[in-house]
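> This structure is in structure tokens; I'll ask about it shortly.
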Amino acid sequence: MQHPDVARERLFTMRMSEDEAVRMEAVAAHYALNAASLIRMLIKREADTLDVGGAAKEAPKHGAKKTAKK
């Protein structure tokens with residue numbers, strides 16, 4: 001169920017292999033989610049783990065090096 005305060009206006013479309021689809025369906029079933037909710041959950045979990053925040057912060061580009069804090 002979508003939270004009433006969340007407007008979802010952006011559409012994302014992707015293709016996946018049969019193997020990827022089977023894996024996604026299995027993980028979604030484990031969490032009792034549909035595919036869209038699973039993807040949202042995984043993105044949020046990864047963003048929280050990386051501490052990249054919301055739309056205000058940019059995720060590091062692939063291969064970007066982290067700088068050491070002094």
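> Check region 3-26 and report whether any residue there is among the β-branched types (Val, Ile, Thr), part of a helix (DSSP H, G or I), at negative phi and at pLDDT below 95.
No, every residue in region 3-26 fails to be among the β-branched types (Val, Ile, Thr), part of a helix (DSSP H, G or I), at negative phi and at pLDDT below 95.
> Here's a follow-up. Collect the residues in region 1-51 that are of a type in the set (Gly, Ala, Ser) and in contact (Cβ under 8 Å) with a residue 12 or more places away in the chain, keeping them in residue-number order.
Answer for region 1-51, where residues must be of a type in the set (Gly, Ala, Ser) and in contact (Cβ under 8 Å) with a residue 12 or more places away in the chain: just Ala47.
> To continue, here is another question. For region 27-58, what are the residues that are part of a loop (DSSP other than H, G, I, E, B), of a type outside the set (A, V, I, L, M, F, W, C) and at pLDDT 95 or above? Break it down into steps so the answer makes sense when it comes.
Taking region 27-58 first, the residues part of a loop (DSSP other than H, G, I, E, B) are 31-34, 51-58.
Then keep just the ones that are of a type outside the set (A, V, I, L, M, F, W, C); that gives 31, 34, 51, 53-54, 57-58.
Tyr31, Asn34, listed by residue number.
The values are calculated or read from the model by the stated rules, or taken from the named source; none is laboratory data. Keep in mind that this is a model prediction, so the values were computed, not measured. So basically every Cβ, Gly included, is an ideal-geometry build from the backbone, and we count neighbours across all protein chains shown.
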